[in-house]
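To keep things clear, I will list the structure first and then write my remarks on it.
The values are calculated or read from the model by the stated rules, or taken from the named source; none is laboratory data. Keep in mind the model is a prediction, meaning the values are calculated, not measured. Quick reminder, even Gly has a Cβ in these numbers, built from the backbone with ideal geometry, and neighbours come from all protein chains shown.
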Amino acid sequence: MKIHTTRFGELDIEESRIITMRGGILGFEHLKRFFLYAAGEKNPFWWFQSAEDSSVAFVVIDPFLVKADYTPEICDEDERLLELEKAEDVVVMGIVTIRHDPFGISVNLRAPLVINAAKKLAKQIILDNEEYPVQYAVSAGRTRTEQAATVK
């Protein structure tokens, strides 16, 4: 299927790649169909692009790359809603906020997107754990050497 996007132009996306939201993204509850689009082969950032509104796309990242000890708990109700049966079907993505300062990039650890990769169902869940902030600096879990290597 052809999907027009404001950032990437027209994309040919297989229907099997469409992820259906069970409950929307905060502020975008009316949008239910998205797909993941790679920002680059070696780039850890992805786009969670709406298939319904060409101008809506969220930069996302695997939050475990940013915070290795991240342990979001998915409640039983959300597991049922997403029809999760196997742990290997679970994909967790954090929505990224990008600022002018490259070290000011943050990821929302409090409200991750949880995706059932096998059934292409997703939901943004709100975690009760106050240890996970809405704005966690992407560079927080990296050493100064790793940060310097990224800048080069």
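Odds and ends about this structure:
- Lone qualifier among 50, 54 - being within 23 Å of residue 14 (Cα to Cα), hydroxyl-bearing (Ser, Thr, Tyr), at pLDDT 95 or above and surrounded by 12 or more Cβ atoms within 10 Å (Cβ to Cβ): 50
- Looking only at region 11-45, residues that are among the β-branched types (Val, Ile, Thr) and under 16 Å from residue 114 (Cβ atoms) come to 3 in all.
- Every test in (1) under 30 Å from residue 14 (Cα atoms); (2) surrounded by 12 or more Cβ atoms within 10 Å (Cβ to Cβ); (3) of a type outside the set (Phe, Trp, Tyr); (4) at pLDDT 95 or above is passed by residue 110 save one, and that test is (1).
- Residues of region 5-34 that are among the acidic types (Asp, Glu) and either farther than 15 Å from residue 58 by Cβ or surrounded by 14 or more Cβ atoms within 10 Å (Cβ to Cβ) (or both): 10, 12, 14, 15.
- Residue match in region 124-135 (condition: touching a helix residue (DSSP H, G or I) at 6+ places or on another chain (Cβ under 8 Å), under 27 Å from residue 8 (Cβ atoms) and not in a loop (DSSP other than H, G, I, E, B)): no
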